[in-house]
Amino acid sequence: MDGHCSHEKVHLAGGIVDGHVIECPKHFGTFDYRTGEARALPACVGLSTYEVKVENGTVFIRL
Ligand code: FES
């Protein structure tokens, strides 16, 4: 999933993950990281997601 919140472009790496949802560390908007769907305000625009696979310990991301 894109790494920056769609609300004010804060990096989501510092957010808390609960189940399939990541919470933005700034204003606590949430996203489903499987689909990129915005789940809680103030985040209301979804994020792009990318296909990922792991082979022999290497992570591949289809951009
Ligand atoms: S910057 Fe993420 S909810 Fe505001």
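Bear in mind these aren't lab numbers, they're just calculated from the coordinates by the rules spelled out. Worth saying up front: this structure is predicted, and the values here are computed from it rather than measured. Here the Cβ is made from the backbone with ideal geometry for all residues, glycine too, and neighbour counts use every protein chain on show.
Dipole size in debye (nearest 20) for segment 12-62 around its Cα centre, Lys and Arg Cβ +1, Asp and Glu Cβ -1? Don't jump to the answer; show the numbers that get you there.
Numbers: 5 positive and 6 negative charges, 19 e Å.
Around 100 debye, computed over segment 12-62.
What distance in nm separates the two pseudo spin-label positions at His27 and Phe60, each 7 Å out from Cα along the beta-carbon direction?
Going from the His27 label point to the Phe60 one covers 3.9 nm.
If you take the square roots of the eigenvalues of the alpha-carbon gyration tensor of segment 12-62 and sort them as a ≥ b ≥ c, do you get rounded (a/c under 1.5), prolate (a/b over b/c) or oblate?
It is prolate, given that a/c is not under 1.5 and a/b is the larger ratio.
Using a 10 Å cut-off on Cβ atoms, rank the peptides 33-42, 10-19, 51-60 from the highest mean neighbour count down. The partial results should precede the final answer.
Numbers: 33-42: 14.8, 10-19: 12.7, 51-60: 7.5.
Taking the mean over residues of other Cβ atoms within 10 Å, the ranking is 33-42, 10-19, 51-60.
Test of understanding: what is the full-extension gain from His4 to Ser48, defined as 0.36 nm times their sequence separation minus their Cα-Cα distance? All intermediate terms of the calculation are to be shown ahead of the outcome.
Numbers: separation 44, 0.36 × 44 = 15.84 nm, distance 1.02 nm.
Length gained, His4 through Ser48: 14.8 nm.
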